[in-house]
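Colleague: Pasting in a structure now, in structure tokens, and then I'll have a few things to ask.
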Amino acid sequence: MTRAEERGLHVLYVAWGFAPHQGPGVYRPLATVAELVRQGHRVTVLTADLATFDLVVGGDRSLLDDVPESVRVVRVAMAPRQRDPLVNRWSAARIADPKVWGAAVNKEQVQAFPEYVYATWQPRAEAAATRIHELDPVDLVIATGNPYVDFSVALRLHVDHGIPYVLDDRDSWLLDVYTGEPSPFAERILPWLEFALSQAVSMWFVNEPIAAWHRQCFPQHADRIRVVENGWDPRFLDVGSRPSRRDPGRGLVYTFVGTVNKDLPLRLLAEAWRLARTRSPLLAGAELRVVGQSGHRDRLTPDPVAIAAEFAADGLVLTGRVPKHRIGQVYADSDVLVFLKEGSAMVTSGKVYEYVATGLPIVSVLEPEHDARRVLSGYPRWHDAVEHSVEGLAQAMLVALDDHESADQEDGAERYAAAVAYGAARSREAALRPALQDVFAGLVS
Amino acid sequence: MTSAVLASDAGEVWLVYLSCRRPEQATVAKVGLVEGARGSILTLVVDQDDSTIRLLEPQDLPPGELTEVGTGHVKQAAVTVGELLAQAAGPVVLAAVDRVAQLASWEAVKELDHVVVASAWDPAVRVLAMMAAGADVQEVLHPPGFSVALNVADAGIGPAGSQTLVTVDHGPASPDTPWLTVGDQALEVRTHGMSRWGVRAVAVRAGRSRRVIEDAPRQLLLGPANYAGQGGEWARAVREHAPGWTARNMHVVTPSAVLVFGADLPLTSVEWAEPGTRLDLAVELVVGATDIVVEAMRPLLAVRDGSDAANTTDQQRAREDVDALRASGRNVALLFHGSEVRRPRENARLTPWSPFYRQETRALTAALERKTEMVHEALAGFDGPVLVSTPDLLDHVPAAAWLPIVVGPASFLPTPPALTGRRPIVAHAPSSGWLKGSEWVDPVLQRMDREGLLTYRRLQNLPPSMVPSLLREVDVVVDQVVLGNPGVLAAQAMAAGRLVLAHLPERVRRRFPDPPPVVEATPATIESVLLSVIENPEHYSQIAARGVGFARKYHDGRMSARILTEALDS
């Protein structure tokens, strides 16, 4: 019997942005760690210190509840440098000219590793990983980026101790997936990535277009490049909790869930909503809820605030960020979902998986090449706007309304069941489980 | 008093939103929503006289457009802000949300210990949350330093954290007392000569400071140079090959360093300069050490410089550390890597190919002359063990012992023999081209590459983790052809079975108990040697293959662990 079969392997999971980091990139690491534990492995997570999340970037401590009890979490302090929000600690040079100081810090930080801000974590994280391995030998490293400084830890243990590793790239180190342009550091990243790929057990990407691009870029390593799609998290979304019948007298709720940033066409959404309401009495008391972090670090920028005020009488409500633990309730309170996200052929969006898990009608306005179409295309309750306009979106909202209203009919019930079944196959576990099983099968064979 | 605002009551946290603009409704709303503190919105306002600065709450602001408070008003604004904050009976968390507010606050709180200034509203709210969870102002501003051992121990891996007593300004002391005294199992800090910031940083560490206790009778610390990662490699060698010993290294490097080498405790020179960080370092690695190796005559702690600007290359500070650590009963050895102790004049005397004293290296030579003289001055009178990393340095430190370079296991991975392909691949990877003779090597190799005789790989600033892998892909490594030392890259190349070309004078070669399988090459012979390699690949392939055994004998860490521990036992 192999050691793995006896007590599981010791997996070091490297994720600078692990819980309580509250960014969207935290859920895949949480799910991966949970799946590793479920498969019987001992997991140590290497992540940034709590002060980084409590003070510097913001965190959601409730996410710590989603870390399995058996998982050991090593928290290594991150020197905040240019992100340090405490003015008392700023040097005279910084306070005198923050831009000049920041430019100098940026320049020096990327000398050794091509990544702003996070490069400073490299020596510390590597030191901690080395000590972890010394005290409790590691069998496998899984490192997830971004930030890509996480990858350097995997390389360190591999070079010094021969530990195999898997790289999980949730974005692309080399490429701007929105524009398809190379990263500003592409020339310096290329040798790092080529070396990393040459030594890796496998490298994961979140969709086929990104994976295909990398296979073309590194044909000699194409065999180890794999797609491990994102998915929805059953721990945050109990699809069975959705009430089948709405309280009489309560208005319908259309919901958009996602970041409210400059790329979100909030005015288009609001105007389409206003127009749709004028066309159906069923929407008279309805609300359009925009649920999500507004702007950078939850600072409301003037535009969304102004739009919210302008359309308040139409039932537009900006709720702000809702902790992930309560997102299930957001969906449960919704009748129709609105999907309206910037993207590209290489951007799928993590939210689309949650949307299809709900079984609710989904209205969308998407670029023709947006990769979310691939996920939505088999969903039986998808109502895509025929054109990217106020009129087009309003029409789609009304079609979705018809879909919603027919739910009690026989074909409506079937459509709902089919939608739920479609979504059920797109959980994170559905993607992660076979990928991890393949990795371990390769290790112990 | 230029403000009508009332400061906070005792014990109550006062959360202040400070700006130069009239607050928007949304701002008023969010400040009003804060729980667990008294919230205020204050606006810096300049009067018609353009010099009187007042702090006003929203309801007191004059109607109409406010006169702009600019950077020219910062000095007065700082006085106004300082006067108000000084009256607060409890802690203050201040969100300075624009440039003038930040400049004024930064200046105002230099002498105030009860105020945290955040650069925006959100982090101010986060600070409030930290304080609600029990942190005080100084704990927010001066969190515990980075400790690898504790980070790992706190996750339940390895030995648990223990405690070391740190006293700060305890009892009388003369002004000549070092700011940091390392005792047997405790640390004593004196804050004279420290900035107010430094005093606060060490004060929050007073009492029982946490650390992990290693379970070994002999505990070695090496630092802070870690040139070419050797401090880390020697520490690992001792851990793996010296029973009864454990070893750690610390590394202080400039923030703009191009290469990151592995170290047990990596610090930037900016971090290290702060006395709080150096105290953390003393807690984590120094107080428990029985044996200490000071590298390159650089200070470990600078025990006589408690300022925020201690110099990490100050030889005199290093010597003071050495004397203080020896006085504390610890075994202390000195270790030199190369350029810091290699006197240019002596090098020029020993090899005609010396890179020093040439027209184009005059300034560099002069700088090294000064540096090495200071190192030798600081070394004078030291009667403990002295080690050097390459045998050529014995000409510069005659009383020293040779401590071989260590290369990691990745360099020893099995590799196909060198020089068995059709066209040899030749690499040159200087860390410092002028000391390696790159101006001689490059033209020759580039021309031979163009002529199709070989493939030249010029490597620069290669990340250390990639070096073993890349060496396996080449046949020949040209290390250096002028200086006369066998460096780390040469050892790595030998371990990988690659052919090494380098200039090693006969007197250096004789210092190896076995003849090193390194083919002699100088600027005058590099081309002919390479032609010979191309014409006689089988012969040179055999020499390359001998490198593996040579490196295994001298550079795999076993010999180094023995020499190092014996030196400290002597």
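Derivation of every value follows stated rules applied to the coordinates shown; laboratory data play no part. Model, not experiment: these values are computed from the prediction. Don't worry about glycine lacking a Cβ; one is built from the backbone with ideal geometry, like all the others, and counts go over all protein chains shown.
Colleague: Along segment A:143-150, what does the Karplus equation 6.51 cos²θ - 1.76 cosθ + 1.60 (θ = phi - 60°) give for ³J(HN,Hα), rounded to whole Hz, x for Gly and Pro?
Modeller: Ordered by residue, 3J(HN,Hα) equals 10, 10, x, 8, x, 8, 4, 4 Hz.
Colleague: State the Cα centre-to-centre distance between segment B:455-474 and segment B:108-134 in whole Å.
Modeller: Going from one Cα centre to the other spans 48 Å.
Colleague: Related question: Based on Cα coordinates alone, diagonalise the gyration tensor for segment B:156-255, multiply each eigenvalue by 5, take square roots, and list the semi-axes in whole Å, largest first.
Modeller: Details: eigenvalues 177, 65, 35 Å².
Semi-axis lengths for segment B:156-255 are 30, 18, 13 Å.
Colleague: Now, a different point. Using the beta-carbon distance between A:Asp408 and A:Thr319 and R0 = 45 Å, what value does 1/(1 + (r/R0)^6) give for FRET efficiency, to the nearest 0.05? Spell out each step's value before the answer.
Modeller: On the way: r = 28 Å, r/R0 = 0.63.
For R0 = 45 Å, the calculated efficiency reads 0.95.
Colleague: Something else about it: How big is the gap, in Å, between the Cα center of segment A:90-149 and the Cα center of segment A:332-400?
Modeller: About 38 Å separates the Cα centre of segment A:90-149 from the one of segment A:332-400.
Colleague: When every alpha-carbon pair in segment B:486-570 is counted, what percent end up more than 21 Å apart?
Modeller: Numbers: 1253 of 3570 pairs.
Result: 35 percent of Cα pairs exceed 21 Å.
Colleague: Which residue, A:Val206, A:Val290, B:Pro505, has the largest displacement toward the positive end of the dipole of the protein assembly as shown when charges sit on each Cβ (Lys, Arg +1; Asp, Glu -1)?
Modeller: B:Pro505
Colleague: Using modelled amide H (1.01 Å from N, peptide plane; none on Pro or chain starts), what sits under 5 Å from the amide H of B:Val481, excluding residues fewer than 5 places away?
Modeller: It is B:Gly437, B:His503, by chain and number.
Colleague: Taking the inverse of the average 1/r across all pairs of different Cα atoms in segment B:338-420, what Kirkwood radius in Å do you get?
Modeller: Working: mean 1/r = 0.0662 Å⁻¹.
Value: 15.1 Å, from the Cα pair sum.
Colleague: So for segment A:351-444, what percent of the C-alpha to C-alpha distances run longer than 19 Å?
Modeller: Details: 2191 of 4371 pairs.
Looking at segment A:351-444, the distances longer than 19 Å represent 50 percent of pairs.
Colleague: Just list whichever of A:Lys99/A:Lys351; A:Lys99/B:Lys75; A:Lys262/B:Lys75; B:Lys371/B:Lys553; A:Lys351/B:Lys30; A:Lys99/A:Lys324 have alpha carbons separated by over 32 Å in the model shown. Before the final figure, lay out each step's value.
Modeller: Values: A:Lys99/A:Lys351 35 Å; A:Lys99/B:Lys75 21 Å; A:Lys262/B:Lys75 37 Å; B:Lys371/B:Lys553 34 Å; A:Lys351/B:Lys30 29 Å; A:Lys99/A:Lys324 35 Å.
Pairs exceeding 32 Å: A:Lys99/A:Lys351; A:Lys262/B:Lys75; B:Lys371/B:Lys553; A:Lys99/A:Lys324.
Colleague: Could you give the DSSP H helices of chain B that reach 24 angstrom or more along their long axis (alpha carbon positions) and whose average Kyte-Doolittle hydropathy is no lower than -1.0?
Modeller: Values: long enough: B:362-379 (25 Å, -0.18); B:537-555 (26 Å, -0.80).
Passing helices, by number: B:362-379, B:537-555.
Colleague: Put +1 on the Cβ of each Lys and Arg and -1 on the Cβ of each Asp and Glu in the protein assembly as shown; which of B:Gly381, B:Leu471, A:Val149 then has its Cα farthest toward the positive end of the dipole?
Modeller: B:Gly381
Colleague: Another one. Counting each DSSP H run of 4 or more residues in chain A as -39500 (n - 2.57), what helix-only mean residue ellipticity at 222 nm follows after dividing by all residues, to the nearest 500 deg cm²/dmol? Write out the running numbers ahead of the final one.
Modeller: Details: 16 runs with 176 residues, N = 445.
So the calculated ellipticity at 222 nm is -12000 deg cm²/dmol.
Colleague: Right, another one. Calculate log10 I(q)/I(0) of segment B:70-130 for q = 0.13, 0.18, 0.29, 0.30 Å⁻¹, where I(q) comes from the Debye formula with a single equal point scatterer on each Cα and nothing for solvent.
Modeller: -0.30, -0.58, -1.23, -1.26
Colleague: Something else: Need the full-extension length gain, A:Glu194 to A:Ser344, defined as separation in residues times 0.36 nm minus the C-alpha distance. One decimal, nm. Show your work: numbers first, answer last.
Modeller: Numbers: separation 150, 0.36 × 150 = 54.00 nm, distance 2.50 nm.
Residue separation times 0.36 nm, minus the Cα-Cα distance, leaves 51.5 nm.
Colleague: Using a Förster distance of 60 angstrom, determine the FRET efficiency expected from the C-beta separation of B:Leu33 and B:Glu566, and round it to 0.05. List each step's numbers first, then the result.
Modeller: Numbers: r = 68 Å, r/R0 = 1.13.
Efficiency, rounded to the nearest 0.05: 0.30.
Colleague: Follow-up question, since we're still on this one. Rounded to the nearest 20 Debye, what is the dipole magnitude of chain B about its Cα centre when Lys and Arg each give +1 and Asp and Glu each give -1 at the C-beta? Before the final figure, lay out each step's value.
Modeller: Details: 53 positive and 66 negative charges, 405 e Å.
It comes to approximately 1940 debye.
Colleague: For the protein assembly as shown, what is the charge dipole size about the Cα centre, in debye to the nearest 20, if Lys and Arg each add +1 at the Cβ and Asp and Glu each add -1 at the Cβ? Please list the in-between numbers first.
Modeller: Working: 100 positive and 124 negative charges, 400 e Å.
Dipole size: approximately 1920 debye.
Colleague: Using the Cα gyration tensor of segment B:215-337, with a ≥ b ≥ c the square roots of its eigenvalues, what is the shape: rounded (a/c below 1.5), prolate (a/b larger than b/c) or oblate (neither)?
Modeller: Details: a/c = 1.69, a/b = 1.21, b/c = 1.40.
It comes out oblate by the Cα gyration axes.
Colleague: Next question. Choose one answer from A:Glu229, A:Glu194, A:Glu115: the residue with the largest mean-square fluctuation in a GNM of chain A with alpha-carbon springs under 10 Å.
Modeller: A:Glu194
Colleague: Something else now. Bin by bin, in steps of 5 Å, what percent of the Cα pairs in segment A:39-171 do you find, going until the bin that has the longest distance?
Modeller: P(r) for segment A:39-171, in whole percents per bin: 2, 9, 16, 20, 20, 14, 9, 6, 3, 1, 0.
Colleague: Also: For chain A, modelled as a GNM with alpha-carbon contacts under 10 angstrom, which of A:Pro147, A:Pro123, A:Pro114 fluctuates the most?
Modeller: Of A:Pro147, A:Pro123, A:Pro114, the most mobile in the Gaussian network model is A:Pro123.
Colleague: Given all pairs of different Cα atoms, what value in angstroms does the Kirkwood hydrodynamic radius of segment A:239-424 take?
Modeller: Hydrodynamic radius (Kirkwood, Cα only) of segment A:239-424 equals 16.5 Å.
Colleague: Right, here's the next one. Short version: what are the Cα gyration tensor semi-axes of segment B:14-141, square root of 5 times each eigenvalue, largest first, in whole Å? Walk me through the numbers on the way to the answer.
Modeller: Numbers: eigenvalues 114, 58, 24 Å².
Over the Cα atoms of segment B:14-141, the semi-axes work out to 24, 17, 11 Å.
Colleague: Let me ask you something else. How long is the protein assembly as shown along each principal axis, judged by its Cα atoms, biggest number first, in Å?
Modeller: That gives 99, 74, 56 Å along the principal axes, largest extent first.
Colleague: Against the empirical 2.2 N^0.38 Å scaling, what ratio does the C-alpha Rg of segment B:411-559 come to? Each step should come with its number before you reach the end.
Modeller: Working: Rg = 13.9 Å, N = 149, 2.2 N^0.38 = 14.7 Å.
Expressed relative to 2.2 N^0.38 Å, the Cα Rg reads 0.95.
Colleague: Between A:Arg279 and A:Arg250, how high is the FRET efficiency from 1/(1 + (r/R0)^6) when r is the Cβ-Cβ distance and R₀ = 35 Å? Nearest 0.05.
Modeller: So, using R0 = 35 Å, E works out to roughly 0.95.
Colleague: Could I ask something else about it? Using modelled amide H (1.01 Å from N, peptide plane; none on Pro or chain starts), what sits under 5 Å from the amide H of A:Val363, excluding residues fewer than 5 places away?
Modeller: Under 5 Å from the amide H of A:Val363 lie the amide H atoms of A:Leu337, A:Val338, A:Phe339, A:His383, each far enough along the sequence or on another chain.
Colleague: Roughly how many debye, to the nearest 20, is the charge dipole of segment B:1-135 about its Cα centre, given +1 on each Lys and Arg Cβ, -1 on each Asp and Glu Cβ, and no other charges? Intermediate results must be reported in sequence, preceding the final value.
Modeller: On the way: 9 positive and 17 negative charges, 63 e Å.
Computed about the Cα centre, the dipole is about 300 debye.
Colleague: Per the Kirkwood formula on distinct C-alpha pairs, the Rh of chain A is how many angstrom?
Modeller: Numbers: mean 1/r = 0.0427 Å⁻¹.
23.4 Å is the Kirkwood radius here.
Colleague: Amide H to amide H under 5 Å from B:Phe146: which residues, 5+ apart in sequence or cross-chain, H placed 1.01 Å off N in plane?
Modeller: Under 5 Å from the amide H of B:Phe146: no residue qualifies.
Colleague: Given 0.36 nm per residue, what is the gain on full extension from A:Glu310 to A:Tyr116 after removing their alpha carbon distance, in nm? It would help to have the intermediate numbers written out before the result.
Modeller: On the way: separation 194, 0.36 × 194 = 69.84 nm, distance 3.91 nm.
The A:Glu310-A:Tyr116 span can extend by a further 65.9 nm.
Colleague: Looking at the P(r) of chain B, how many percent of alpha-carbon pairs lie beyond 39 Å? Before the final figure, lay out each step's value.
Modeller: Values: 71423 of 162165 pairs.
The proportion of pairs with Cα distances above 39 Å equals 44 percent.
Colleague: Based on DSSP H runs of at least 4 residues, each adding -39500 (n - 2.57), what is the mean residue ellipticity at 222 nm of chain B after dividing by all its residues, to the nearest 500 deg cm²/dmol?
Modeller: Numbers: 21 runs with 200 residues, N = 570.
The helix contribution divided over chain B gives -10000 deg cm²/dmol.
Colleague: Right, another one. Averaging over all projection directions, find the projected area of the Cα convex hull of segment A:148-254 and quote it in nm² with one decimal place. All intermediate terms of the calculation are to be shown ahead of the outcome.
Modeller: Values: hull surface 41.7 nm².
That works out to 10.4 nm².
Colleague: Note down the nm distance, to one decimal, between modelled labels 7 Å out along Cα→Cβ at B:Leu364 and at B:Leu259.
Modeller: Distance between label points: 1.5 nm.
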